[in-house]
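Report on one structure; see the data block that follows.
The values are calculated or read from the model by the stated rules, or taken from the named source; none is laboratory data. Computed from a predicted model, the values in this text were never measured in an experiment. Note that we place each Cβ from the backbone using ideal geometry, even for glycine, and neighbour counts take in every protein chain shown.
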Amino acid sequence: MPITLDPAKSETNAEERGLPFDVAEGFVFETSVIRQDTRFAYPKRRFQGIGKIGNRTVMLVFTPTADGFRVISLRPANRKERALWLASQT
C-alpha cells in the first residue's frame, strides 16, 4: 500500500524514536487494531493503528489517501497498547 509522508517530520521521528516513517510500508494492517481518532475536529479523518512492523509492536497514526495512507505519527506501542494488540490476536 503506497504511503505519503513529510520527509522532515520523518527524519525527526527517526532521530527521536528510531522509526522513520517509510518503515510504515511494512505495517501489517490485517492483524492490527484500528480505531478512528475522534478526540478533536481534524480536517481529515484520522486513525490510530496498533500493529506490527517486523517484530515491533507500534502505534501508527494515519489518514487514508486515494490509494494508500499518509503517516502522521509512528512510535513504539506502550504497554497498554501492546496488551490491547495481544488480546486482539486470540
Completion exercise
Within the range 1-17, residues being without any contact (Cβ under 8 Å) to a residue 24 or more places away in the chain and touching a Pro at 6+ places or on another chain (Cβ under 8 Å) number 2
Fill in the blank from the handout: Scanning the range 7-40 residue by residue, those more than 20 Å from residue 87 (Cβ to Cβ) and either in contact with a Leu (Cβ under 9 Å, 6 or more places away or on another chain) or hydrophobic (A, V, I, L, M, F, W, C) (or both) turn out to be 8, 10, 13, 14, 17, 19, 20, 21, 22, 23, 24, 40
Problem - Single residue of the range 27-57 satisfying the filter (part of a loop (DSSP other than H, G, I, E, B) and basic (Lys, Arg)) that is farthest from residue 8 (Cα to Cα) - result: 39
Exercise for the section: Give me the pairs, please: first residue somewhere in the range 74-90 and within 23 Å of residue 21 (Cα to Cα), second residue anywhere and surrounded by fewer than 13 Cβ atoms within 10 Å (Cβ to Cβ) and of a type outside the set (Lys, Arg), beta-carbon distance under 7 Å, and either six or more positions apart or on two chains. Expected result: none
Exercise for the section: Considering only the range 41-57, state which residues are of a type outside the set (D, E, K, R), without any contact (Cβ under 8 Å) to a residue 24 or more places away in the chain and surrounded by fewer than 18 Cβ atoms within 10 Å (Cβ to Cβ). Expected result: 41, 42, 43, 47, 55
Practice task
Please state which one of 9, 44, 52 is of a type in the set (Lys, Arg) and at pLDDT below 95.
Solution key: 44
Practice task
Quick one: which residue in 74, 19, 60 is in a loop (DSSP other than H, G, I, E, B) and surrounded by 13 or more Cβ atoms within 10 Å (Cβ to Cβ)?
Solution key: 19
Handout entry: Any chance residue 63 is out of contact with any strand residue (DSSP E or B) (no Cβ under 6 Å at 6 or more places or on another chain) and hydroxyl-bearing (Ser, Thr, Tyr)
Key = no
Exercise for the section: Any chance you could count how many residues in the range 1-16 are assigned to a helix (DSSP H, G or I) and farther than 13 Å from residue 76 by Cα? Expected result: 7
